[in-house]
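Participant: Below: one structure in structure tokens.
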Amino acid sequence: MKVVSKRHHWFWSWVSPDTYTTIGTTVYTPVDLEFVDEADPEVLEHEQVHIEQYKKYTLLGFLFLYLFVP
């Protein structure tokens, strides 16, 4: 898992600045966190589940499950 601050990415800081976002194996932290090591360990543990799903089902399978299965 790679953890990156949205503070350093114009797109994420504009689109969803206040939430954690996981794309592939990268977790983007909210812009209000000054350092990525301030990220909530429980949230990172939860995001790790999404990363494992992404690896297991591939990108298309993961997107299908995430978008269409309750």
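The values are calculated or read from the model by the stated rules, or taken from the named source; none is laboratory data. These numbers come from a predicted model, not from an experiment. We place every Cβ from the backbone using ideal geometry, glycine too, and count neighbours over all the protein chains shown.
Participant: Restricting the search to the stretch 29-49, which residues are under 17 Å from Leu63 (Cβ atoms) and buried (at least 16 other Cβ atoms within 10 Å of the Cβ)?
Facilitator: Glu47
Participant: How about the stretch 26-35: which of its residues are assigned to a strand (DSSP E or B) and of a type in the set (Phe, Trp, Tyr)?
Facilitator: Answer for the stretch 26-35, where residues must be assigned to a strand (DSSP E or B) and of a type in the set (Phe, Trp, Tyr): just Tyr28.
Participant: Return the pairs, sorted by first residue and then second, in which the second residue is modelled with pLDDT of 90 or more and of a type in the set (Asp, Glu), the first residue lies in the stretch 2-21 and is more than 14 Å from Leu33 (Cβ to Cβ) and crowded, with 16+ Cβ neighbours inside 10 Å, the beta carbons are less than 7 Å apart, and the residues are 6+ apart or on different chains.
Facilitator: none
Participant: In the stretch 36-70, what residues are among the aliphatic types (A, V, I, L, M) and part of a loop (DSSP other than H, G, I, E, B)?
Facilitator: Ala39, Val69
Participant: Find the residue count for the stretch 6-46, including only residues that are among the acidic types (Asp, Glu) and in contact with an Asp or Glu (Cβ under 8 Å, 6 or more places away or on another chain).
Facilitator: 2
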